[in-house]
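Input: a single structure, listed below in structure tokens.
The values are calculated or read from the model by the stated rules, or taken from the named source; none is laboratory data. Not measured: the values here are computed from a predicted model. Counting neighbours? That spans all protein chains shown, and the Cβs are built from the backbone with ideal geometry, glycine included.
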Amino acid sequence: MEKSLVTLDNGTTCSSWNYNGERLATGSVDGTLAIFDSIDPASSSFTCTSRSRVHEDSVVKVVWVPPEYGDAVGCICADGTLSLWEEVVEDAQPLQWKLCKSFGSNSNKVLDVQFGVSPTSLKMVSAYSDGHVKVYELLDPLELKSWQLQAEFQNASDSVSTFGKALCLSASVSWNPQRGESQQSSFVLGFHSDTPQLNSAKVWEFDQNHQRWLPVAELALHGDKGDQVFTVAWAPNIGRPYEVMAVATHKGIAIWHLGLNPDIDGRLSVERVALLSGHDGEVWQMEWDMSGMTLATTGGDGMVRLWQSNLNGVWHEQAALEPTS
Amino acid sequence: MATSKAPPSHSLQIHRLPQSQYIDAVRFLPAFSGLDRFAVLALFDTHSSSPSLQIHSLPKSTPPSLNLQSSLSLSSRVSSLSLSLSAHKPLIAASTFSGSLHILLLDFDASVQSEFSVPEKSLHVGAISCVDLQESGVECVSVGEDGRVNLVAFGDGSRLSYRRVWDSDGLVSYTAAKWASPTEFATGGFGFGLQWWDLRKPGGPVSQFKGNWAQRTTSGIVHSIDIHPSRKHTCLAGGSLGTVFAWDLRWQQQPIILSGVGTSEVATHSPCESEVWEVKYDPYMRTSNFGNMSSSRILPAMLCSEDGILAVVEQGEEPIELLAEPCAINSFDIDRQNPSDVICSLEWESIAILSRP
Amino acid sequence: MPGLTADSGNALVPLSPEAHVSVVYPLHHGLKPPISRLSISWSRGNALRVSVFRELPAESSDSDGEAGGKVVQVKLGVADGEVDDAQWRRIAYGSVSPFALLQSRRNSVLALSKMSMSSSPYHPDWWEYVMEYSKDISSLLDNAKSLPNSMIDDPKTVLKKVEEPTCLKAAWGLLEIFYADKESQAWLPERIVDWLADYDVLFSGTQATVHSKLVEFQKEIVRLQVIEDDPRYWEVITSALAVGWLEIVVKLLRLHGSYQLDQLSNRETENGLVEAVAILISKMPRMRPELEAGRLGECFKTKPDFIKAWEKWRAQITKLDCSSFWVQCDHRQTREGLRNMLQLMLGNTNNLCTSTCHWIELYISHFLYVRPFTVGLESMHALAQKCIQLKPISSSHRLMGLIVGILGENTEVVLAECSRAFGPWMVAHAIELLTAGSDQAEIILQEGRDNLGGISIEELHRLIYAQVLSSHALTWQIAPIYLTSCMKQGMGLLEVLLYKQPVQDNQMLLKTTEICRLYDLESISSSIMKIAGVYHWKHGRKGSGVFWLQQARDEFRLNRIAQQLFDFVGRSISDESFKQWEGLIELLGSESKIAGGLDFLHKYRDFKKSLQQVQVGKTTDAAQQAVESLISLMRNPSTPQRFWLPLLHDSLKLLSWQERPLLNANQTNLLLNKLQELSMARLRPDFIEANLPPQALSSVRLALATNLGRAILEE
């Protein structure tokens, strides 16, 4: 049933496939970024084509930049720095991975970063350990050096009040995967912090008219709003009349439906359609398949679990994969 | 002789042979001995991700069958395949996506006598788009999207030597190449561009053809070039949008369009609308008075396309459709000794063999 | 439904033939534990990639020589041991044309019925199209390797060796019999008899069958001296008779010792009885329109004719059974064996039950000898239940679930069984047969459901199958055929699928954009070409980068590229390397409208060329032409300001032409004004200084001033 694709270097801590599954980027404990490629089209045999030292500290997360902006990754390191690396040929030098931009850390660590494509530009959302969120915009589509800070806010439904001295362990950002021309930029974000107001997953949408980000929905039941969020995942929508999202907390994995039409206040209707338990503990990662029908998750129990809804709309665990030697 | 051979039937015969592997390219081996004929298949097994080059015998039986004679595994998929006869022994040049070039000298029983190769990264950066062996098989030209044009010579000492003819540093990419004479060859690339090279005049192409004819709204890529030994001044090219055109060096900037959807008047004659992957003069199609034919008239040509068409096009005539498949036809070859027979590779992992009446 | 829970049937994506809730599958990675963490990623379609990271050894990080991790890919829901990967792909390729043809026929029939305002949505002969489709699909399901047919007819070979059929084909055959083939409704029992004759072998794997008995006996035949003494001979004959394999029965009977020439004389009566039974068997009335050549029995198309013949035949059997010749038959085994057969033919349930193995064989024997007029699924279902009770089975075969589902007239169960046992390909294609079966099934399968996000079950299964196709590099191109037959979500998934195709190789990229062209997906096509353009541009293939961005009509990026090109050209303006740019400018020139500011480079190239001619030929004509180019460049608003000085500096020779001033006063003034503008601009902080000698500006100014003087004098 399974097929081995890549053998990873010693000390590898994280990995990320690019948008079409043709390239793999991995980060390791010694700060190395390794890239694996297949030589031939349609081949499933991958070899390492590049190893570069991106930092002295361990790489904890690698995120690919959308392909319209080149072959580039963002690397988050253990000390909370973020750097962007790009594969380019420049000035008669051979192909290599080059540093384009470094977002240094002062006191606040970068916890998560995700890129979103809007019709006109590339946007980058980064979530920080003090509970702040920054949205950057790329100025030149061919230069990953030039970023402009577009907005900075906290993950609170009430955008007026601010919460000082928040301490966050982790954050999770997931962009709306839709790439349509008319689509507004939007993403969902949740924190694992000591400040209850910041934790719950909120859907943020860019208000084009006023050039600002607004929270349009909160994905938590009334009593669960302070629950720390492990991870969030926005499902691709190939034609459903509502959006589907998954939010993982210590209570389990919640599946949410999000309405598409805002009310007078600009809020979107939400409905929790399922609460699934399985990983008993932390949920590390959640990924939707390309149709948005199957959710794959991993967690502290070391299992991969697959979730689906049946013909009656009831969500359940369809299968689990247990890694063994 | 091939021409005197009675055709086995009065109608077109088509046989499809499934292969269970993707076929990157297919060629007939020029007949060199005995009664058997052979075909060379460049294959890719997606399950094990292993590419190979296979030589099959192809007895003239009905239904035809492919019988594996020898197989050679390669490190990368074949991007282009060219065959010729050198000292009466067939020579195969295969270029790969990793950029390596493999030259195989075959023995009289179609087994591989010796193999020579140029490793990746020495000729091109990245994939080699196209290789073409000279008729005599002494030199092989290789082109790539990196903008390099190389010559690989197969010397007497059974050694390969190579030199760079041109390097455009990626500003111009080449996707096709074909020899016209021992010192001249043509290349093709993006924007329906064609270049004519003369080794006696180094320092770039001696002539260029720009694809900006007739206010086309969209442009395309040349995928394949053929040059007829008796018409060395004419370069036949096939590419995007069902386009097949000829570039006569004597009338530099006006292409003769045989097929294509981009231009209104020829569109009705166009047998296909998508990429023409390969184009070749068709020696089987005889125009009634070949000898008296004006040398500016283009000889009949066969094409295969992404929309599954194998057809013969001729200037001013309705195209003759030989095959209309539900999947792409990626490459074909005409049996030089027996030009009624055509072999082609289909996207859906099979080979089709055609026998024309 | 018997033996079916809602859970196993309702899953959207069947993960394996035996998927139940939370089945745990092992995922082998071959790493030495402990494992520190996992990471997951969906590839195209239903392929899931799992990265497994090993915990770093505490002390020495690289001494144990073990890999630091593995990435393992799992394809969900396509495991089937019966048909290998390559064969599956062949089936997938082959199904495209029949499926597409049927869809287009449906569309035209629907269009026609709309025009004629007819009440029935379908053509009265719609099922004929479905049958054609069914036959086409069925022909794909044979085993790849077929055995060569032996030319010599060996009398002792009772069971011809044929290729082993697939369960897949057997299942398809069943669906065809029950749903698509309207013509066979009148003689359904006979169709099932034929079906079992073809596929009984499939049940031999899990338990004894009539077929497996025959195979066993076939091995023995050559060793048996007096065949009729062996009780197995009679057992096998009766079993074969029970399931209606009349040819085999007659062939076996003719092996009876009494037929041998040396024995004929003293076993006359015995031989006569054997032959009489053989004749009765070969004259068995069958309620069916026809039989293939070589098959035994007499066909009757209409029920009254058949009943008459059937009663006559039974009367003959009874008569023979009561005949006095039996007493004269000395051979006990023959006597008992033959009379057993007669009892069986008369429909003695006990005999039928003992001579069959599997319940389906017993079921068939009932159709043949007890209830040949069984009509209607309800009574067929009741009979099946009875047979299952008589012959309970320990392990359920995947075909059994399907049969029971069909007889139970429950479309959803049939679909669930197809999905569970045969996977997404089967369901996506079998729906065509099911909807042809009844209006009710059509409603169930084609109505939109809120629980599925508004799509119908039919669409759901097409989406699932398309996803399976998408996960393989060689089959993804087929997926659009199925996706475009989906009313609601197909195009959405198609766009996602196309977007995820690799762009590095031109041939693959063009195959993708060709699909975009076929389905008018221009925006997706331009996104893909945009990605390709950026990829090539950044990877040192500037020419193809520009080409693809032009194809994508991405003016935004092309303008940025124009700026970058200017930088390059600006630096190497007097360089020989400019010649290399010619090819690129050539490419841009063909589509200057889209190329944005790149248009300037084209003009610049022309200017450079004429300037070169001046260097070589030194003719005043050539120089005059170069001046015209210069003026047109300087007038053109798309010429970037930072090129003004380099252009003028390059033209110094023209500005101070020996023979006569080449520029008139107006032209010279224009250039002087530009120079003035440039001096002003130099004061701004963002001004980019050209890479020229420091005295360049003054020497140009001097040359222009001189020229102005000469021009005024001349005018």
Looking across region C:499-526 at residues that are part of a loop (DSSP other than H, G, I, E, B) and of a type in the set (Asp, Glu), the single one that is nearest to the other protein chains (Cβ to nearest Cβ) is C:Asp505
Just one listed residue, out of A:Lys165, A:Lys101, A:Lys109, is touching a Gly at 6+ places or on another chain (Cβ under 8 Å), more than 25 Å from C:Ser526 (Cα to Cα), more than 11 Å from chain C (Cβ to nearest Cβ) and of a type in the set (D, E, K, R), and it is A:Lys109
Residue hits (region C:224-266; charged (D, E, K, R) and either modelled with pLDDT of 85 or more or closer than 19 Å to C:Thr354 by Cβ (or both)) are C:Glu228, C:Asp229, C:Asp230, C:Arg232, C:Glu235, C:Glu247, C:Lys251, C:Arg254
Of the residues in region C:222-280, those that are closer than 30 Å to C:Tyr199 by Cβ, β-branched (Val, Ile, Thr) and surrounded by 21 or more Cβ atoms within 10 Å (Cβ to Cβ) come to C:Val236, C:Ile237, C:Thr238, C:Val243, C:Ile248, C:Val249, C:Val277
| said: Please verify whether A:Ala217 is modelled with pLDDT of 90 or more, within 29 Å of C:Gly454 (Cβ to Cβ) and more than 14 Å from chain C (Cβ to nearest Cβ), treating the condition exactly as stated. | reply: yes
Heads up, the strands (runs of 3 or more DSSP E) in region A:19-109 (entirely inside) with at least 2 residues that are buried (at least 20 other Cβ atoms within 10 Å of the Cβ) are A:23-28, A:32-37, A:59-64, A:72-77, A:82-88
Here the qualifying pairs (Cβ atoms under 8 Å; residues six or more apart or on different chains; first in region B:64-78 and free of Cβ contacts under 8 Å to residues at least 60 places away in the same chain; second loosely packed, with under 15 Cβ neighbours inside 10 Å) come out as B:Ser65/B:Pro59; B:Asn67/B:Pro59; B:Gln69/B:Asp109; B:Gln69/B:Ser111; B:Ser70/B:Ser111; B:Leu72/B:Glu115
By my count, strands (runs of 3 or more DSSP E) wholly in region A:165-281 with at least 2 residues that are more than 16 Å from the chain's Cα centre (by Cα) are A:201-207, A:212-219, A:242-249, A:252-259, A:270-276
### Query
Is one or more of the residues making up region B:89-106 within 13 Å of chain A (Cβ to nearest Cβ), assigned to a loop (DSSP other than H, G, I, E, B) and under 27 Å from B:Leu354 (Cβ atoms)?
no
Evaluate the following for C:Ala79: is it at pLDDT 85 or above, at the interface with chain A (Cβ under 8 Å from one of its Cβ atoms) and over 26 Å from B:Leu346 (Cα atoms)? no
Counting only residues that are at pLDDT 95 or above, surrounded by fewer than 24 Cβ atoms within 10 Å (Cβ to Cβ) and facing chain A (nearest Cβ under 10 Å), region C:477-489 contains a total of 0
- Message: Suppose the filter is assigned by the TED database to the domain that holds C:Leu565, surrounded by 19 or more Cβ atoms within 10 Å (Cβ to Cβ) and within 60 Å of the chain's Cα centre (by Cα); does C:Ser638 pass it?
- Response: no
For region A:282-292, the count of residues that are assigned to a loop (DSSP other than H, G, I, E, B) and among the aliphatic types (A, V, I, L, M) equals 1
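Taking the stated definitions as given, is A:Met293 closer than 15 Å to A:Phe230 by Cα, of a type in the set (A, V, I, L, M, F, W, C) and within 10 Å of chain C (Cβ to nearest Cβ)?
No, not satisfied.
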Scan region B:207-218 and give yes if some residue there is under 22 Å from the mean Cα position of the chain (by Cα), more than 13 Å from chain C (Cβ to nearest Cβ) and either of a type in the set (A, V, I, L, M) or more than 17 Å from C:Ser544 (Cα to Cα) (or both), otherwise no. no
In the set C:Thr302, C:Thr334, C:Thr356, the lone residue that is of a type in the set (Ser, Thr, Tyr), closer than 26 Å to C:Leu407 by Cβ and surrounded by 14 or more Cβ atoms within 10 Å (Cβ to Cβ) is C:Thr356
Looking across region A:208-232 at residues that are of a type in the set (A, V, I, L, M) and more than 24 Å from A:Glu137 (Cβ to Cβ), the single one that is surrounded by the most Cβ atoms within 10 Å (Cβ to Cβ) is A:Val229
Checked region A:278-300 for anything under 20 Å from A:Phe191 (Cα atoms) and either without any contact (Cβ under 8 Å) to a residue 12 or more places away in the chain or surrounded by fewer than 18 Cβ atoms within 10 Å (Cβ to Cβ) (or both); matches are A:Asp280, A:Gly281, A:Glu282, A:Gly300
Across region A:138-150, the tally of residues that are outside any loop (DSSP other than H, G, I, E, B) and either more than 17 Å from A:Val63 (Cα to Cα) or away from chain C (no Cβ under 14 Å) (or both) stands at 8
Of those in region B:303-326 that are more than 21 Å from B:Ser355 (Cβ to Cβ) and of a type in the set (Asp, Glu), the residue farthest from the other protein chains (Cβ to nearest Cβ) is B:Glu317
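Any chance region C:428-449 includes a residue that's within 30 Å of C:Glu183 (Cβ to Cβ), charged (D, E, K, R) and either at the interface with another protein chain (Cβ under 9 Å from one of its Cβ atoms) or touching a residue at least 24 places away in the same chain (Cβ under 8 Å) (or both)? Give the derivation first.
Restricting attention to region C:428-449, the residues satisfying the condition of being within 30 Å of C:Glu183 (Cβ to Cβ) are C:428-447.
Now narrow it down to the ones that are charged (D, E, K, R): C:432, C:439, C:442, C:447.
If we keep only those that are either at the interface with another protein chain (Cβ under 9 Å from one of its Cβ atoms) or touching a residue at least 24 places away in the same chain (Cβ under 8 Å) (or both) as well, we get C:432.
Yes, region C:428-449 contains a residue that is within 30 Å of C:Glu183 (Cβ to Cβ), charged (D, E, K, R) and either at the interface with another protein chain (Cβ under 9 Å from one of its Cβ atoms) or touching a residue at least 24 places away in the same chain (Cβ under 8 Å) (or both).
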The condition from (1) among the small types (Gly, Ala, Ser); (2) surrounded by 14 or more Cβ atoms within 10 Å (Cβ to Cβ); (3) more than 30 Å from C:Glu458 (Cβ to Cβ) that A:Ser309 misses is numbered (3)
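Evaluate the following for A:Phe153: is it touching a helix residue (DSSP H, G or I) at 6+ places or on another chain (Cβ under 7 Å) and in a strand (DSSP E or B)? Don't jump to the end; show me each part of the working.
Numbers: touching a helix residue (DSSP H, G or I) at 6+ places or on another chain (Cβ under 7 Å): no; in a strand (DSSP E or B): yes.
Considered against the rule, which asks whether it is touching a helix residue (DSSP H, G or I) at 6+ places or on another chain (Cβ under 7 Å) and in a strand (DSSP E or B), A:Phe153 comes out as no.
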Note: among C:Leu352, C:Leu296, C:Leu390, C:Leu342, just one is outside the structural domain of C:Ser212 (by the TED database) and over 14 Å from C:Trp187 (Cα atoms), namely C:Leu390
